[in-house]
Amino acid sequence: MASGMRIGLVGPLPPPSGGMANQTLQLAKLLRAEGATVEVVQVNRPYRPYWIGGLKGIRAAFRLIPYLAHLWQSAANVRLFHVMANSGWSWHLFAAPAIWIARIRGIPVIVNYRGGEADAFFDKSFAWIKPSLRRTDAIIVPSGFLETVFGKRGFQTRIVPNIIDLSRFSAETGVAALLRTNTPHIIVTRNLELIYDNATVLRAFSIVRQTFSTATLTIAGTGPERQALEKLAAGLGMADAVTFTGRIDNEGMADLYRSADIMVNPSLADNMPISILEALASGVPVVSTDVGGVPYLVEHGETALLVPVKDPAAMAGAILTLLNEPARARKIREAGIASVQQYTWPQVRDRLLAVYEQVLAKTNKPLVDGEG
């Protein structure tokens with residue numbers, strides 16, 4: 001049981017909304033509902049003063065120093081650290097310091113690693129990463145994909161899936177659930193960055209429009225590629241059919257899924273994208289690239305349609321399959337709705353708490369206040 005546990009949860013929080021930030025916020029709320037005391041150590045606190053955020057090069061210090069101080073203080077108040085970790089500089093600046101501070105302060109640390117670029121990141125930097133990993137008490141990952149990435153480097157992990165909140169994302173039934181094949185609405189809910197390859201979606205959509213001239217595409221997210229993507233949409237002659245919404249809050253995202261007929265995930269690298277789980281829970285058929293952990297999350301032809309990366313023709317073909325074969329689309333939709341049940345909190349809860357309890361027992365820490 002989580003009641004009485006004191007947990008230091010290290011990770012980002014919205015804004016901006018994103019997979020890891022939303023998971024951190026949601027996990028803190030769920031653990032507190034179980035009776036745990038959760039202190040969130042936020043890795044992306046707003047810059048103070050705010051104008052420091054515009055000064056590249058020195059702004060990192062204005063975030064890092066208060067973060068390290070918060071970690072040090074928190075380690076005196078909690079029984080364990082649960083660190084939400086990712087690849088790249090995020091690991092070096094935030095995850096690794098949390099591990100070492102936990103070790104210095106004598107509390108156990110659990111690394112919750114996520115991120116589709118883990119394999120490439122480890123290939124490049126594992127000599128720097130390994131010493132920190134060896135000082136963790138447990139490594140948990142959300143997918144079999146990352147379990148394999150760690151396993152081939154000699155580290156054992158335990159799978160604790162990402163959590164989907166079905167109170168926010170729910171599927172329509174009856175007539176409202178049928179594909180609007182006369183005016184299909186296709187959505188993408190990834191940020192406008194090169195790794196998410198929204199350009200391939202635009203090229204695929206231009207092919208789809210040759211058959212469904214009234215189809216519309218909504219791309220929900222922010223990022224440095226927006227101007228280039230808007231230019232590409234105009235160059236393909238479909239600026240009037242493509243909407244770039246910018247950032248959408250959590251409530252608006254649920255509304256967007258309810259309006260959609262198909263969700264496309266075009267990533268070049270991925271682990272266990274929450275956006276796919278949100279689409280499945282909302283009853284929206286998914287077309288995704290078959291990268292990283294995605295084939296561990298959905299099964300091609302059963303709960304989604306998977307295509308190669310950077311292949312607009314294959315992506316368009318999968319979209320058209322769903323639009324032209326409503327019976328198949330309905331079967332995939334229903335299987336997708338059923339599959340997300342394994343990612344609800346009642347299903348994930350016992351797995352996570354078992355890790356907490358085993359780590360605390362192994363390190364001779366009392367499970368809850370008043371024990372020992």
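If you scan the range 134-172, which residues turn out to be touching a residue at least 24 places away in the same chain (Cβ under 8 Å) and over 19 Å from the mean Cα position of the chain (by Cα)? Listed by number, the residues that qualify are ARG135, THR136, ASP137, ALA138, ARG153, ALA171, GLU172. If only residues of the range 59-105 that are basic (Lys, Arg) and in a helix (DSSP H, G or I) are counted, the one that is surrounded by the most Cβ atoms within 10 Å (Cβ to Cβ) is ARG63.
Among the residues of the range 133-176, those identified as surrounded by fewer than 14 Cβ atoms within 10 Å (Cβ to Cβ), at pLDDT below 95 and assigned to a helix (DSSP H, G or I) are GLY174, VAL175, ALA176. One residue stands out among those in the range 296-312 that are out of contact with any Phe, Trp or Tyr (no Cβ under 8 Å at 6 or more places or on another chain) and part of a helix (DSSP H, G or I): the one that is farthest from ALA171 (Cα to Cα), which is PRO312.
Yes or no, residue by residue, for (1) in contact with a helix residue (DSSP H, G or I) (Cβ under 7 Å, 6 or more places away or on another chain); (2) aliphatic (A, V, I, L, M); (3) free of Cβ contacts under 8 Å to residues at least 12 places away in the same chain:
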position: PHE121; (1), (2), (3): no, no, no
position: GLU193; (1), (2), (3): no, no, no
position: GLN210; (1), (2), (3): no, no, yes
position: ALA215; (1), (2), (3): yes, yes, no
position: ILE219; (1), (2), (3): yes, yes, no
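Applying the selection to the range 278-296, what residues are under 13 Å from ARG190 (Cα atoms) and within 14 Å of the chain's Cα centre (by Cα)? Of everything in the range 278-296, those that are under 13 Å from ARG190 (Cα atoms) and within 14 Å of the chain's Cα centre (by Cα) turn out to be GLU278, ALA279. Per the conditions (1) under 22 Å from PHE169 (Cα atoms); (2) out of contact with any Pro (no Cβ under 9 Å at 6 or more places or on another chain); (3) in a helix (DSSP H, G or I), the sole criterion not satisfied by LEU320 is (1).
One residue alone among GLY246, GLY292 is under 23 Å from PRO16 (Cβ atoms) and surrounded by fewer than 24 Cβ atoms within 10 Å (Cβ to Cβ), and that residue is GLY246.
When MET263, MET272, MET253, MET315 are checked against the criterion of being touching a residue at least 60 places away in the same chain (Cβ under 8 Å) and part of a loop (DSSP other than H, G, I, E, B), MET272 stands alone in meeting it. Within the range 226-235, one or more residues are surrounded by fewer than 18 Cβ atoms within 10 Å (Cβ to Cβ), touching a residue at least 12 places away in the same chain (Cβ under 8 Å) and charged (D, E, K, R).
The values are calculated or read from the model by the stated rules, or taken from the named source; none is laboratory data. This structure is a prediction, so every number in the text was calculated from the model and none was measured. We place every Cβ from the backbone using ideal geometry, glycine too, and count neighbours over all the protein chains shown.
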